[in-house]
1. Is it the case that some residue within region 398-415 is closer than 24 Å to residue 509 by Cβ and open to solvent by 20 Å² or more (accessible area, probe 1.4 Å)?
2. Quick check on my filter: what residues within region 100-140 are over 24 Å from residue 273 (Cα atoms), in a loop (DSSP other than H, G, I, E, B) and either modelled with pLDDT of 85 or more or touching a strand residue (DSSP E or B) at 6+ places or on another chain (Cβ under 7 Å) (or both)?
3. Under 8 Å between Cβ atoms, at least 6 apart or on separate chains: pull out the pairs that start in region 99-124 with a residue that is over 20 Å from residue 164 (Cα atoms) and among the hydrophobic types (A, V, I, L, M, F, W, C) and end on any residue that is in a helix (DSSP H, G or I) and open to solvent by 10 Å² or more (accessible area, probe 1.4 Å).
4. Hey, among 361, 375, 365, which residue is open to solvent by less than 30 Å² (accessible area, probe 1.4 Å), of a type outside the set (A, V, I, L, M, F, W, C), touching a residue at least 40 places away in the same chain (Cβ under 8 Å) and in a strand (DSSP E or B)?
5. Would you call residue 342 among the hydrophobic types (A, V, I, L, M, F, W, C), at pLDDT below 85 and open to solvent by 20 Å² or more (accessible area, probe 1.4 Å)?
6. Quick one: residue 353 ticks every box in (1) farther than 30 Å from residue 509 by Cα; (2) at pLDDT 85 or above bar one, so which box is it?
7. Going residue by residue through region 404-417, is there one that turns out to be on the phi > 0 side of the Ramachandran plot and in a loop (DSSP other than H, G, I, E, B)?
8. Would you please list the contacts, defined by Cβ atoms under 6 Å and residues six or more apart or on different chains, that run from a residue in region 175-191 that is among the β-branched types (Val, Ile, Thr) to a residue that is buried (at least 20 other Cβ atoms within 10 Å of the Cβ) and outside any helix (DSSP H, G or I)?
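The values are calculated or read from the model by the stated rules, or taken from the named source; none is laboratory data. Only a predicted model underlies this, so the values are computations on that prediction, with no experimental measurement involved. Because the Cβ atoms are built from the backbone with ideal geometry, glycine has one as well, and the counts that use them run over all protein chains shown. Ligands, DNA and RNA are excluded from the accessible area calculation, which covers all protein heavy atoms including side chains. Shrake-Rupley method; radii C 1.70, N 1.55, O 1.52, S 1.80 Å.
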Amino acid sequence: MADLRKEIERRRTFAIISHPDAGKTTLTEKLLLYGGAIQLAGSVKGKATARHAVSDWMELEKQRGISISSSAMQFEYNGYCINILDTPGHQDFSEDTYRTLMAADSAVMVIDAAKGIEPQTRKLFKICAMRNIPIFTFINKLDRDARSPYDLMEELENEFGIGTYPMNWPIGCGIDFKGVYDREKREILAFNEFHRGQNKIKAIECSLDETEKLDELIGSRLRQTLCDDVELLDGAGYEFDLDMVRSGKLSPVFFGSALNNFGIEPFLESFLDMTMPPLPRIAGDDIVDPFEDKFSAFVFKIQANMNKAHRDRIAFMRICSGKFERDKEYFHIQGEKPIRLAQPQQLMAQERAIINEAYAGDIIGVFDPGIFSIGDTICDKSKKLEFEGIPTFAPEHFAAVERTDTMKRKQFEKGIMQIAQEGAIQIFHEPFTGVEEVIVGVVGVLQFEVLEYRLKSEYGVDVRRRSMPYEVVRWIDNEDINPRDLNLTSDTKWVQDFRGNNLLLFTSDWCVNWALQKNPDLRLREFNRD
């Protein structure tokens, strides 16, 4: 039991979130460098080296230079076992990010120093705030022209309604960027634009009273500005409060440059000191303690065809309590049957290693023969429980999709179904019509492009896509209503999802209200709880 507690206490599981191009994937990669998980950093857009970022494994991601699918990566650093969840920054993939945040205990928010808070950052923060997830802020790209750090901090506080505490403070920016001043250690980390390696930058101990030494390091103008800034922060800023940080009310802020590997290691060390081991989880009326010896986990992501050679399907699980042991029989709550999790793996993007054990806080991948759905619970047979489900959000864009080759029906149906089970798209059909085309609903239109690309590259199926005018979807909550008997506008369509649930597609909110007025017993909901 002592070993179990020790192993769980050293786990740290966090997600990295940001708007596209803020430097999230680059930061992830530099953290992996320090952990020795990779030896060579790959530029996302392939400029600095011939390699692509290790966490962007899908071919389309490499072409576009954006993260489309969340990646899970584990590495060791200073006695900690760290699980990083790198999420898509693009808003069209926000539902994948939401599910991934359900598996994290804290979040690192990356912000571009020149742009500040952008729409996707705002959306993701609200998700974190809903769950009181502690947020650590890394303000990136200080080696380029940047906004005033005071403006950035004020924007964070006003937008998100939380306090901020700068752990370090930038000395200049752009061509004048000289480094950062560590407020706690009272030392300067001098910036060198050619530092991109794994070696630690040695900090220079320097009191703000040492005028000559400071002038030599950063020049008299920047020295005076730094002294004034630190005095102001010490006198008028928020006080550091670890309890406030861990409850999501105070965000520690770090300044640096991920591309130049500057300020990353001090950030990582401070972050590990402040963030927490795995947190308790709610399962019905129970609170599941991560340190209890009974294993439990939930599925937060499913990904087909990660390995082209095997055409397999992986279910990603967040372990919530106890210890996972290979070949041990567990219980699948939704399937209502015992199960052995086949080929349990720890993941480094698409690189995998078969494991014999894992602990609360870890993310593992298991082979899925088609039995798992997002939100499923797997637990010890002697203590059955069910974690809260992960809602499926209503799509906002719709299109009819059909195969161009009539001979490829099986491949088309298999591809559409497998991709839909991953949760990135939702598929519907019109009951009793005999129409073979599938209605696809997505949160963001770029998902259509990903769907077409994957159907062609992974299943060998070319498709035609036709946009549909629907903007609103609602699940019918009444089990005793026959949708064919409803009084609806002519442009409202009754469909079913692949689980057989009844839904209505509307062209506007006005049509939704009309349906509710004309059918007083009708109950509609905005997301699916399955």
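1. So in region 398-415, the residues closer than 24 Å to residue 509 by Cβ come out as 398-400.
Right, trim to open to solvent by 20 Å² or more (accessible area, probe 1.4 Å) and you get none.
For region 398-415, residues closer than 24 Å to residue 509 by Cβ and open to solvent by 20 Å² or more (accessible area, probe 1.4 Å): absent.
2. Answer for region 100-140, where residues must be over 24 Å from residue 273 (Cα atoms), in a loop (DSSP other than H, G, I, E, B) and either modelled with pLDDT of 85 or more or touching a strand residue (DSSP E or B) at 6+ places or on another chain (Cβ under 7 Å) (or both): 113, 114, 115, 117.
3. Close Cβ pairs satisfying both conditions: 101/127.
4. Working: 361 fails: in a strand (DSSP E or B); 375 fails: in a strand (DSSP E or B).
Going through 361, 375, 365 in turn, the sole match is 365.
5. Working: among the hydrophobic types (A, V, I, L, M, F, W, C): yes; at pLDDT below 85: yes; open to solvent by 20 Å² or more (accessible area, probe 1.4 Å): yes.
Criteria met by residue 342.
6. Exception for residue 353: condition (2).
7. Here is the first cut: in region 404-417, the residues on the phi > 0 side of the Ramachandran plot are none.
Checked against the condition, which is being on the phi > 0 side of the Ramachandran plot and in a loop (DSSP other than H, G, I, E, B), region 404-417 yields no hits at all.
8. Pairs found: 180/168; 180/170; 180/189; 180/255; 180/263; 188/179; 188/181.
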